[in-house]
1. Within the bounds of region 356-366, is there any residue that is part of a loop (DSSP other than H, G, I, E, B), under 15 Å from Trp27 (Cβ atoms) and among the basic types (Lys, Arg)?
2. Can you tell me which residues in region 366-380 are within 18 Å of Asp232 (Cβ to Cβ) and open to solvent by 10 Å² or more (accessible area, probe 1.4 Å)?
3. Look through region 381-411, keep the residues that are without any contact (Cβ under 8 Å) to a residue 40 or more places away in the chain and assigned to a loop (DSSP other than H, G, I, E, B), and return whichever of them is least open to solvent (accessible area, probe 1.4 Å).
4. Pairs, please: C-beta under 6 Å, at least 6 apart or cross-chain, first residue in contact (Cβ under 8 Å) with a residue 40 or more places away in the chain and in region 82-104, second open to solvent by 50 Å² or more (accessible area, probe 1.4 Å)?
5. What pairs can you find where one residue is in region 15-31 and under 19 Å from Thr61 (Cα atoms), the other is basic (Lys, Arg) and not in a helix (DSSP H, G or I), and their Cβ atoms are less than 9 Å apart, with a gap of 6+ or different chains?
6. Looking at Ala324, is it more than 13 Å from the chain's Cα centre (by Cα), in a helix (DSSP H, G or I), of a type in the set (Gly, Ala, Ser) and modelled with pLDDT of 95 or more?
7. Being in contact (Cβ under 8 Å) with a residue 60 or more places away in the chain, closer than 22 Å to His347 by Cα and touching a helix residue (DSSP H, G or I) at 6+ places or on another chain (Cβ under 9 Å), is that true of even one residue in region 260-268?
8. Do you know which of the residues in region 148-171 that are buried (at least 20 other Cβ atoms within 10 Å of the Cβ) and among the polar types (S, T, N, Q) is nearest to Asp73 (Cα to Cα)?
Amino acid sequence: MNSTNRTVVVTGIGATTPLGGDAASTWEGLLAGRSGVSLLEQEWAAELPVRIAGQIAVEPTEIIPRPQARKLDRSAQFALIAAREAWQDAGLTGAAGEESGVDPSRLGAVIASGIGGVTTLLDQYDVLKEKGVRRVSPHTVPMLMPNSPAANVGIELNARAGVHTPVSACASGAEAIGYAIEMIRTGRADIVIAGGTEAAIHPLPMVAFGNMMAMSKSNDDPQGASRPYDVDRNGFVLGEGSGVVVLESEEHAKARGAKIYVEAVGQGISADAHHITQPEPSGTGIAQAVQNLLDSTGLKPAEIVHANAHATSTPQGDIGELRALRKVLGDDLDHVAVSATKSMTGHLLGGAGGVETVATVLALKNRVAPPTINIENLDPEAEADIVRGESRPLPEGTIAALNDSFGFGGHNVVLAFRTV
């Protein structure tokens, strides 16, 4: 079926995060304003300059049988758990084929990761140095590949319309969902399971980010360390986990009687072409992504009442994003309830766009915006309606929300969702 105007909807959600082992417990934690950040107690963390992170709430080995888990990098374990939940939540059982009623040739998978199997790579290198060549796992390469999470989800669900892995740093998860929307809209697939995953809580990435001065060193206050928009914000807190959604053409979803959460309106993408790590100061690239979204979808600024901001708790990035939104939305930004959920989960890098899409979908479905926590002194330059302290109801009627994601390299992705 070739078409460029098919409506795309969300029919399933799944997540495993520092706040909970599934989407429901994660959402409950977000609404409660609970931090998932803690002090690292592993022996290797004792001497690190940064000793805090958003560690997963439920270890994947409690869910995935150990023989299977040993052949999967932690990032792939997270993705499988979130994907299985989303698939089941969409009312589907078993792999594509006769059991589920889904045509395998019309099912796609797009699961992104910003870094891939970094823990496998580094751990197996330690094995090589310390124990010799014979002890290196023969599963190392399939485990460390950035496409391993997508491939494993695709194999398990029998997805044959295409399995993809966008890698665009912290924008990866959002780009995956945007790519999946286009797969359905252009007729390549009827149903796509999409999202992001990351597992990078390891000494090398943590030291490297710390030496860039990108991470908070507030080791004495783990739960208060991630504080977007606060005047004393001093860097992001690393998190881990995965968020996945099931996207379908509206026609396909209705034909099988699926529940529909929201419409996936579309995406806006741009690149800064400015610096490998620093955002373009004026926010031109972000503004272009938002404008591209509006132009390609026909979404009106007045429809947008909520935004799940990228807001990582860095001095430059938080304000630059708001300025870019203001540049495009103008005074309409004043009625947008802005939530920065990284204040609770930490920054999941390539997994952030997936988890924050789940949060955005639930915010619209339940008509409530989760809070941004840890804002003791709001930055006067944060000229927007920041949801602070506790959750806030969203208005009735047809409303829309944005999910923003930006990554090293100048990658900008903005997704939009709307109530149905």
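The values are calculated or read from the model by the stated rules, or taken from the named source; none is laboratory data. Owing to the predicted nature of the structure, the values given are computational and were not obtained by experimental measurement. Here Cβ is always computed from backbone atoms with ideal geometry, including for glycine, and neighbour counts include all displayed protein chains. The protein model used for the area step is the full one, side chains on, heavy atoms only, and it has no ligands, DNA or RNA in it. Shrake-Rupley method; radii C 1.70, N 1.55, O 1.52, S 1.80 Å.
1. no
2. Selection gives Ile373, Asn374, Ile375, Glu376, Asn377, Leu378, Asp379, Pro380.
3. Looking at residues that are without any contact (Cβ under 8 Å) to a residue 40 or more places away in the chain and assigned to a loop (DSSP other than H, G, I, E, B), I get Gly397.
4. Qualifying pairs under 6 Å: Glu85/Asp22; Pro104/Arg160.
5. Leu19/Arg34
6. The answer is yes for Ala324.
7. Checked region 260-268: at least one residue is in contact (Cβ under 8 Å) with a residue 60 or more places away in the chain, closer than 22 Å to His347 by Cα and touching a helix residue (DSSP H, G or I) at 6+ places or on another chain (Cβ under 9 Å).
8. Of everything passing the filter in region 148-171, Ser148 is nearest to Asp73 (Cα to Cα).
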